[in-house]
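Novice: First, the structure itself, so that you have it in front of you.
The values are calculated or read from the model by the stated rules, or taken from the named source; none is laboratory data. As the structure is a computational prediction, the values presented were derived from the model and not from experiment. Note: ideal-geometry Cβ built from the backbone for every residue, glycine included; neighbour counts use all protein chains shown. Surface accessibility is based on the protein's heavy atoms, side chains included, excluding ligands, DNA and RNA. Shrake-Rupley method; radii C 1.70, N 1.55, O 1.52, S 1.80 Å.
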Amino acid sequence: MSIPFIDLKTQYETLKTQIQKRINNVLEHGKYIMGPEVYELEKKLASYVGTTHCISVASGTDALLISLMAIGVSKGDEVITTPFSFISTVEVIVLLGAKPVFVDIDPLTCNIDANLIEKKISKYTKAIIPVSLYGQPSDMDEINAIASKYKNITVIEDAAQSFGALYRGKRSCNLSTIGCTSFFPSKPLGCYGDGGAIFTSDHKIATACQEIRVHGQSKRYFHTKIGVGGRMDTIQCAVVLAKFEKFDWELKKRFQLGDRYNDFMDANNILRVSQKNYTKSCYAQYTIFIEKRERIIEFLKRENIPTSIHYPTPINKQPAYSEFCCLECTPFANEISKKVLSIPFSPYMEDKNTKKITTAISKILNQ
């Protein structure tokens, strides 16, 4: 039997009673859009992260899009970000008519290299979007300090993969002016469809986001802004509320499994994504660096061990984004994309499966 890459089935079986109770409550009151669970979730998540505001939205992509709209990003603006991320990080920039400006990654963490950002700032720069890749925040203090030197540059943490992670003792999503996360089912805190959230302590930005997510309404049928249909469904909020009850336990298990994998990789001289000593990754994915990747994928497949590649092609090499291409500017992203390999990771992983995975990796790499 194949080891699950992410074990959502066991999670559901563990939380089945709470999840069904939460969903049934929504079915009983019938407020499927902007019901009481929406506001309950926002309040709990804002308190957990440490921000004044949490605005639930329809997806992690919508969280980024609405945030950029709230700060007025439009045609002619530039947004600095990484080419090594899921496509939505850059997609939302282009959808608003702005230009993505790519900065290469740190080859050890795969996060944007903060040391290279300032030289890419121009008079058109409106925002910086660092991605907390694989669950580990970028060097946010350095990035915030760079942005503070310039007028009207907002830092938006793309924390789609890092809800629950820590940076110098603070929660991801509360490390800059705006934090955006995703509740896609495979995320550390996920729903059973699409969902996301925006976090900020800036009241003006929060109000703008709240209005934009409901078609730019400040009150019913009164539209002060251009908006989108970006609300998170009440049932999905109910699912996240049920899962949130066990989230700290799951986070502890993630930390423990991450440490266990790290110890194994280091003892066997297997290169892995590095963790800074002032961060605590929540390991949305556990990723190693491998030569001859396809051969290893096939071997693990025969052992019923699934793998995934996050990400095989940098965004600035994707056909749809060729006009923004700057391949010579991102040599590490180009190189790392050929080596990364993610292996099964779940807070519900059984010890026997962890052992099977590490034994198989050790066997193939010693051949």
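Novice: Determine Rg/Rh for segment 94-165; Rg is computed over alpha-carbon atoms and Rh is the Kirkwood hydrodynamic estimate from the same atoms. Can you show the working numbers first?
Specialist: On the way: Rg = 12.1 Å, Rh = 12.7 Å.
Answer for segment 94-165: 0.95.
Novice: Antiparallel as a % of all DSSP beta bridges within segment 51-171, to the nearest 5?
Specialist: Here the antiparallel bridges make up roughly 20 percent for segment 51-171.
Novice: Tell me which of 174, 237, 148 sits at the most positive position along the dipole axis of the chain, charges placed on C-beta atoms (Lys, Arg +1; Asp, Glu -1).
Specialist: In the chain, that residue is 237.
Novice: While we're here: Can you give me the relative contact order of segment 55-194 as a percent, contacts being Cα pairs under 8 Å and 6 or more apart?
Specialist: 22
Novice: Residue 243: net charge of surrounding residues, Cβ under 10 Å, Lys/Arg +1, Asp/Glu -1, itself excluded? Each step should come with its number before you reach the end.
Specialist: Numbers: positive: 22, 246; negative: 245, 250.
That sum, taken over residues with Cβ under 10 Å, equals 0.
Novice: So I have [x] 23.1, 71; [y] 20.4, 67; [z] 21.2, 74, and one of them is Rg and Dmax of the Cα atoms in Å calculated from this model. Which one is it?
Specialist: [y]
Novice: Next up: Before anything else, pin down the relative contact order of segment 266-336: Cα pairs under 8 Å, at least 6 apart, normalised by residue count, whole percent.
Specialist: Across segment 266-336, relative contact order equals 19 percent.
Novice: If you rank 243, 339 by how much accessible surface each has, with a 1.4 Å probe, what is the order from largest down?
Specialist: Listed by decreasing accessible area, they come as 339, 243.
Novice: Let me ask something else. Cα-based Rg of segment 172-222 per 2.2 N^0.38 Å, rounded to two decimals? Please report the intermediate quantities before stating the final value.
Specialist: On the way: Rg = 13.0 Å, N = 51, 2.2 N^0.38 = 9.8 Å.
Against the empirical 2.2 N^0.38 Å value, I get 1.33 for segment 172-222.
Novice: What does the accessible area of residue 301 come to, in Å² to the nearest 10, when a probe of 1.4 Å is used?
Specialist: The accessible area comes out at roughly 130 Å².
Novice: Run the accessible area of the chain with a 1.4 Å probe and give the carbon-and-sulfur part as a rounded percent. Don't skip to the end; give the middle numbers.
Specialist: Working: 8250 of 16130 Å².
Percent of accessible area from carbon and sulfur atoms in the chain: 51.
Novice: Can you tell me the relative contact order of segment 234-367? Whole percent, Cα pairs under 8 Å, sequence separation 6 or more.
Specialist: 29 percent.
Novice: Still on this structure, please answer the following. Between 320, 127, 160, find the one with the highest GNM mean-square fluctuation for the chain; connect C-alpha pairs within less than 10 Å.
Specialist: 320
Novice: Could you tell me the accessible area of residue 298 in Å² (1.4 Å probe, neighbours in place), rounded to the nearest ten?
Specialist: 90
Novice: Among all helices in the chain defined by DSSP H, which have a length of 24 Å or more along the axis from Cα atoms plus a Kyte-Doolittle mean of at least 0.0? Write down the numbers at each step before the final one.
Specialist: Working: long enough: 8-29 (29 Å, -1.03); 247-267 (30 Å, -1.15).
Span-like helices, by this rule, are absent here.
Novice: Measuring from centroid to centroid over Cα atoms, what is the spacing of segment 10-34 and segment 314-367 in Å?
Specialist: What the calculation gives is 35 Å, centre to centre.
Novice: Give me the accessible area per residue for the chain, probe 1.4 Å, as a whole number in Å².
Specialist: 44
Novice: Oh, and also: Can you give me the solvent accessible area of residue 279 with a 1.4 Å probe, rounded to the nearest 10 Å²?
Specialist: 20
Novice: Within segment 257-367, what is the number of lysine pairs with alpha carbons under 14 Å apart, leaving out pairs fewer than eight places apart on the same chain?
Specialist: Within segment 257-367, the lysine pair count is 6.
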